[in-house]
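Here is the structure we will look at.
The values are calculated or read from the model by the stated rules, or taken from the named source; none is laboratory data. These numbers were taken from a predicted model, which means no experiment stands behind them. Cβ coordinates were reconstructed from backbone atoms using ideal geometry, including for glycine residues, and neighbour counts include every protein chain displayed.
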């Protein structure tokens with residue numbers, strides 16, 4: 001049984017026919033929509049490499065069945081920069097050396113964009129560490145990652161002292 | 001992953017009508033899709049609940065109770081300012097679980113339905129009475145350091161992994177259910193079943209029944225000034241509990257007039273410690289008192305394998321959670337919720 005769904009991916013409307021309902025958003029992006037920037041790590045929701053934004057919220061695309069997302073807006077790492085202008089989080093990862101091998105980086109960056117939009121961590125390093133704990137980095141570039149997210153958060157003016165307890 | 005049929009109802013009635021033996025309801029998918037990938041769950045049909053109208057609301061009812069729809073996402077509930085003010089222990093428990101990504105997807109109803117993290121349940125090739133009745137239990141002779149110390153049976157020694165549920169147990173939550181036979185309510189304390197000889201029966205739900213909401217009584221908000229959730233785990237964030245405790249007190253003139261205590265990761269359900277609560281009433285808070293209450297809470301605990309240490313760990317966690325509750329609910333959510341590290345972690 002096949003299913004037709006409509007998605008807006010990085011601002012572009014896409015009509016997709018799924019052969020069956022088992023396809024995850026992660027596999028759809030990588031295998032069908034030519035967007036391999038989103039990475040497959042564990043494929044079990046444990047590593048965060050597959051993080052994308054769905055309707056503005058960060059989720060693990062490996063645990064989302066594409067068929068359930070009919071009508072959704074999806075943003076991947078490929079949709080973050082404005083032409084040659086990097087997104088502030090991308091620029092901060094470069095400035096602070098927030099990676100080594102780079103495999104987890106798209107997920108780290110998408111997670112950071114989602115975290116900053118959530119407005120709960122502000123410019124508090126511990127809250128950023130806690131908020132980024134769903135993204136593992138086997139190279140252990142955590143120091144640079146935290147510095148990058150802190151810097152981007154400051155630049156984007158999202159300090160939320162006194163946010164909801 | 002097995003092939004399955006897919007239905008996308010828009011009303012609760014349609015969802016229930018779509019149910020048939022072998023079908024599973026799908027909400028956030030953070031647990032179910034994972035278990036389908038490993039073959040531990042092989043539903044013949046998925047009934048996608050995400051388009052059901054009206055189940056994503058947090059409401060204050062006329063009688064003062066708070067009603068949380070089953071499709072409210074964990075992150076949205078924990079960050080709802082009104083909810084977090086009334087039930088800070090629930091918010092702290094929610095934020096101590098999983099990751100930011102998972103909390104954005106996982107739902108209130110799904111949390112109640114999540115399966116055990118027992119490694120032998122999670123491995124489709126191991127013997128597990130919970131997965132396959134009568135198959136045996138590889139956990140009994142296996143790596144069982146994290147298994148149950150209360151309410152377990154020869155058939156199953158698995159624990160319920162929820163943080164949210166521990167706080168709900170402490171605060172007298174009620175589960176609203178709809179099904180083929182109509183609607184009913186189940187006290188949260190009765191929702192998860194102890195294994196006995198039928199560990200495959202995990203909840204009080206009848207076939208085809210669907211959780212539509214969780215209700216918290218107005219009276220439980222009275223405990224908001226002294227309530228904490230404390231969770232021991234192998235790392236500070238993004239790990240399941242080794243042992244956890246939800247503790248809340250109501251104090252008048254320096255005396256405890258009401259107490260709540262529940263333990264997590266020690267049994268097949270969140271473990272409410274009523275006898276320990278009774279011991280606390282009328283007393284003045286002290287470390288010695290909380291230690292005695294914790295001893296009572298673990299009365300009857302026995303190792304189910306190589307896990308005798310969990311009994312002492314649970315005692316100390318319960319006593320510490322009570323002591324933290326006595327100090328008072330932090331004004332702002334700790335940076336590391338429910339953790340022994342960081343601010344608001346020390347007695």
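What to note about this one:
- Of the residues making up region B:1-22, those that are without any contact (Cβ under 8 Å) to a residue 60 or more places away in the chain and either within 12 Å of another protein chain (Cβ to nearest Cβ) or not in a loop (DSSP other than H, G, I, E, B) (or both) number 12.
- Selection of region A:37-56 for residues being surrounded by fewer than 19 Cβ atoms within 10 Å (Cβ to Cβ) and within 9 Å of chain B (Cβ to nearest Cβ) yields A:43, A:44, A:46.
- Residue ID - nearest to the chain's Cα centre (by Cα), chosen from residues in region A:1-23 that are closer than 22 Å to residue B:7 by Cβ, crowded, with 17+ Cβ neighbours inside 10 Å and more than 14 Å from chain B (Cβ to nearest Cβ): A:7
- Some residue of region A:61-73 being in contact with a strand residue (DSSP E or B) (Cβ under 9 Å, 6 or more places away or on another chain) and away from chain B (no Cβ under 12 Å): yes
- Meets criteria (surrounded by fewer than 24 Cβ atoms within 10 Å (Cβ to Cβ), assigned to a loop (DSSP other than H, G, I, E, B) and either at the interface with chain B (Cβ under 10 Å from one of its Cβ atoms) or in contact with a helix residue (DSSP H, G or I) (Cβ under 9 Å, 6 or more places away or on another chain) (or both)) for residue A:137: yes
- Looking across region B:23-48, the residues that are surrounded by 21 or more Cβ atoms within 10 Å (Cβ to Cβ) and in a strand (DSSP E or B) come down to B:25, B:26, B:46, B:47, B:48.
- When residues of region B:115-130 are limited to those that are under 20 Å from the mean Cα position of the chain (by Cα) and buried (at least 19 other Cβ atoms within 10 Å of the Cβ), the one nearest to residue B:57 (Cα to Cα): B:115
- Selection over region B:49-79 of residues that are surrounded by 21 or more Cβ atoms within 10 Å (Cβ to Cβ) and part of a helix (DSSP H, G or I) gives a count of 4.
- Note on region A:116-132: residues that are surrounded by 22 or more Cβ atoms within 10 Å (Cβ to Cβ) and either touching a strand residue (DSSP E or B) at 6+ places or on another chain (Cβ under 7 Å) or farther than 21 Å from residue A:52 by Cα (or both) amount to 0.
- Residues of region B:72-88 satisfying the condition of being in contact with a helix residue (DSSP H, G or I) (Cβ under 7 Å, 6 or more places away or on another chain) and closer than 19 Å to residue A:57 by Cβ: B:72, B:73, B:74, B:75, B:77, B:78, B:83, B:84
Yes or no, residue by residue, for (1) more than 9 Å from chain A (Cβ to nearest Cβ); (2) within 21 Å of residue B:132 (Cβ to Cβ); (3) at pLDDT 95 or above:
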{"residue": "B:42", "(1), (2), (3)": "yes, yes, yes"}
{"residue": "B:45", "(1), (2), (3)": "yes, yes, yes"}
{"residue": "B:50", "(1), (2), (3)": "no, no, yes"}
{"residue": "B:65", "(1), (2), (3)": "yes, no, yes"}
